[in-house]
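The values are calculated or read from the model by the stated rules, or taken from the named source; none is laboratory data. Everything numeric here is computed off the predicted structure, so don't read it as measured data. Cβ sites come from the backbone with ideal geometry, for glycine too, and all protein chains shown count toward neighbours. For accessibility, only protein heavy atoms count, side chains too; no ligands or nucleic acids. Shrake-Rupley method; radii C 1.70, N 1.55, O 1.52, S 1.80 Å.
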Amino acid sequence: MGTISGTSVSFGTPVVFQASRSDDIAITFDSSSNKVIIAYRDHDNSYYGTAIVGTVSGTSISFGTKVTFNSGATNDISLVHDSSNNKTVIAYKNDSNNYGYAIVGTVSGTSISFGSAAAFASHTIYETKIAYDSANGKVVIAYTNASQQGTAIVGTVSSTSISFGSATAFDTGEIAFIDIAYDVASGKSVIVFMKGPGGNAGAQAIVGTVSSTSISFGTAVVYDSGSGNEWNTVVYHADAEKVIVVYWDNSNSDRATAITGTVSGTSISFDNSVVLEDGAISYISPAYDSTNKVVFVAVDDGGNSNYGTGVVYQPTYSSQNLTSENYIGMSRGVAFQT
């Protein structure tokens, strides 16, 4: 558990939730039960898709019993809390057929139970990311198909089931390293991705608008034109009413970099980027802290023996030209796991 004070962060003692190898780890906060849910690929149990409920107390966290949500090898796990229905939705790829599925989970106490899985893509997929559209009470899943084309689909939760509208392509070329966030202020979903073979067309973002069970898109906007930009992530900053894109900038020695995006209609514009960590990084995950109104970014810090490292980042809300001179509040290089 990390505790943020200003632009600094301190950590409690790590707690094991899986006592053997696991990967494809994803996490969400369930506001209705005040719990966190972690979903992952369980190597100790034939790579099954598995979930576990965590309860935060002070600077520690405790866990219930793990529950299987897919009795088969599972990959590309992403999950989100649906606050309209008080459910958690997990999107994933089933390795037996490489199809995309989603399943609805219900938290009770320190456990979680699941309904039946529903396919959102009855064909090969490679990536899945999910966001919750609070204005429409829907989930939006972004993924890439067998040709690595960008696709999105709208899901509707009813009790412990989920159904889907028709899929819509948001990019018909080759893309990778996708992520999605819902922009509450504009009522839009923002998808970020690396464009072209090897990222030769740079990093881009596109705005999606949900209508009933469909989603439509504006025109993609480049936020970094360097080639090979990888691990694009995006998070909504509720106080600033903007999205913060955090990415691994391959054209700048693999540094962790942030850029602020403002949605207007069906498009998005960006301020200047800011380097968050001077050393090369791999893997990156941001989260918004609504109490302190900052973004916490966790990275694998290649400049510090690949330690798990946290950075607290606070953009200047009023500035439309965010630079290293006028952003405030970055605490870099705080190791939380060595």
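Annotations for the structure displayed:
- Qualifying residue in the range 52-73 (condition: within 18 Å of Tyr283 (Cβ to Cβ) and either in contact with a helix residue (DSSP H, G or I) (Cβ under 9 Å, 6 or more places away or on another chain) or not β-branched (Val, Ile, Thr) (or both)): no
- Within the range 76-117, being over 18 Å from the mean Cα position of the chain (by Cα) and of a type in the set (D, E, K, R) holds for one residue alone: Asp95.
- Yes/no for Asp44 being buried (at least 23 other Cβ atoms within 10 Å of the Cβ) and farther than 14 Å from Ile25 by Cα: no
- The residues of the range 202-258 that are touching a residue at least 60 places away in the same chain (Cβ under 8 Å) and touching a Lys or Arg at 6+ places or on another chain (Cβ under 7 Å), listed by number, are Val207, Gly208, Val210, Asp239.
- Test: residue in the range 124-134 that is β-branched (Val, Ile, Thr), buried (at least 22 other Cβ atoms within 10 Å of the Cβ), under 20 Å from Ile37 (Cβ atoms) and in contact with a Phe, Trp or Tyr (Cβ under 6 Å, 6 or more places away or on another chain): yes
- Within the range 84-100, the residues that satisfy the criterion of being farther than 21 Å from Ala121 by Cβ and open to solvent by 60 Å² or more (accessible area, probe 1.4 Å) are Ser84, Asn86.
- Strands (runs of 3 or more DSSP E) enclosed by the range 91-131 - at least 1 residues per element that are among the acidic types (Asp, Glu): none
- Only residues that are within 13 Å of Val89 (Cβ to Cβ), among the small types (Gly, Ala, Ser) and surrounded by 22 or more Cβ atoms within 10 Å (Cβ to Cβ) were counted in the range 135-162, giving 1.
- Residue match in the range 6-20 (condition: surrounded by 14 or more Cβ atoms within 10 Å (Cβ to Cβ), touching a Gly at 6+ places or on another chain (Cβ under 9 Å), modelled with pLDDT of 95 or more and not aliphatic (A, V, I, L, M)): yes
- Condition broken by Asp76, with the remaining ones in (1) of a type in the set (D, E, K, R); (2) on the phi > 0 side of the Ramachandran plot; (3) open to solvent by 40 Å² or more (accessible area, probe 1.4 Å) satisfied: (3)
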